[in-house]
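Please read the structure below before turning to the comments.
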Amino acid sequence: MNHLPAVLKPFLVLGLALTLTPVAGHWLATQTPCQATRAVAKAVSTELRETFNPGKLVRWGQSALALPAQVGDLFKPEEPTVNAEALGAFNLRLSWQIRRYHDLYFDRVSAGEYTVVAYEIGADGHVYNARVVPEYTSAPLDTAQLAVETVRNLDNRLPSLPANVRSVSVMELFWHGGRLDSEGSMVDYLSTLPDGRFIQPRQGVL
């Protein structure tokens with residue numbers, strides 16, 4: 001055993017321990033020394049082969065790698081929920097402010113034309129990244145840009161977002177009202193929402 005690698009010694013001892021049970025000891029007593037030696041060597045070999053089975057090692061490795069993530073999930077804090085009432089009140093304030101400035105757009109747009117504007121609002125009420133969504137817009141680009149200016153005029157005029165909301169992503173339809181005849185599309189969906197506005201809150205650490 002002194003000539004075996006250190007890592008193999010515990011497995012060899014385990015194999016011998018499993019082999020030399022009382023029943024096995026009685027059986028060994030009936031064998032010749034040569035037969036007993038071969039039997040022990042075979043048992044040890046089988047134990048080592050099973051221990052270092054590639055399939056087992058791969059499965060053990062996969063389990064070990066997955067364990068930290070599984071443990072992390074157990075202790076992951078619950079994400080705080082958004083206060084729907086507070087978000088609804090914020091949306092009403094947003095609508096009120098939009099109406100103060102939307103004549104800039106509606107004085108120029110023709111009946112039946114519409115524009116979709118996407119923008120973000122930060123936790124402090126700051127409006128940023130307002131832009132036309134051309135694939136959902138039928139108004140001429142220069143007219144559609146007036147809807148973007150309407151949104152930009154909201155900056156510094158909005159309250160802070162509700163607690164636990166770091167920002168909101170907004171998709172807003174500017175149109176003359178009524179359901180638009182484009183069933184199944186984003187424009188159709190927005191035309192069914194109050195004020196044509198879809199708000200997606202983003203939660204997390206500010």
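Looking only at residues that are among the charged types (D, E, K, R) and modelled with pLDDT of 95 or more in region 136-156, which one is nearest to the chain's Cα centre (by Cα)? Please lay out each step first, then the result.
Looking only at region 136-156, we keep the residues that are among the charged types (D, E, K, R), and these are 142, 149, 152, 155.
When the remaining residues are screened for being modelled with pLDDT of 95 or more, the result is 142, 149, 152.
Details: 142: 38, 149: 33, 152: 30 Å.
This residue is 152.
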Is it fair to say residue 184 is over 19 Å from residue 143 (Cα atoms), out of contact with any Cys (no Cβ under 7 Å at 6 or more places or on another chain), of a type outside the set (A, V, I, L, M, F, W, C) and free of Cβ contacts under 8 Å to residues at least 40 places away in the same chain?
yes
Taking the conditions exactly as written (open to solvent by less than 70 Å² (accessible area, probe 1.4 Å) and either among the polar types (S, T, N, Q) or modelled with pLDDT under 95 (or both)), does residue 186 satisfy them or not?
yes
What residue, of 94, 154, 173, is in contact with a strand residue (DSSP E or B) (Cβ under 8 Å, 6 or more places away or on another chain) and assigned to a loop (DSSP other than H, G, I, E, B)?
154
Cβ-Cβ under 7 Å, sequence separation 6+ or interchain: first residue in region 101-125 and on the phi > 0 side of the Ramachandran plot, partner of a type outside the set (A, V, I, L, M, F, W, C) and surrounded by fewer than 15 Cβ atoms within 10 Å (Cβ to Cβ). Which pairs?
125/159; 125/160
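Can you name every residue in region 105-151 that is open to solvent by 80 Å² or more (accessible area, probe 1.4 Å) and either in contact with a strand residue (DSSP E or B) (Cβ under 8 Å, 6 or more places away or on another chain) or hydrophobic (A, V, I, L, M, F, W, C) (or both)? Outline the logic, then answer.
Filtering region 105-151 for residues open to solvent by 80 Å² or more (accessible area, probe 1.4 Å) gives 107-108, 111, 124, 128-129, 131, 134-135, 141-142.
Scanning region 105-151 gives 111, 128, 129, 131, 141.
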Residue 136, sole failed condition from (1) under 12 Å from residue 118 (Cβ atoms); (2) in contact (Cβ under 8 Å) with a residue 60 or more places away in the chain; (3) not polar (S, T, N, Q):
(2)
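The values are calculated or read from the model by the stated rules, or taken from the named source; none is laboratory data. Just so we're clear, the structure is a prediction, and the values are computed from it rather than from any experiment. Cβ coordinates were reconstructed from backbone atoms using ideal geometry, including for glycine residues, and neighbour counts include every protein chain displayed. Surface areas here come from the heavy atoms of the whole protein model, side chains and all, with no ligands, DNA or RNA. Shrake-Rupley method; radii C 1.70, N 1.55, O 1.52, S 1.80 Å.
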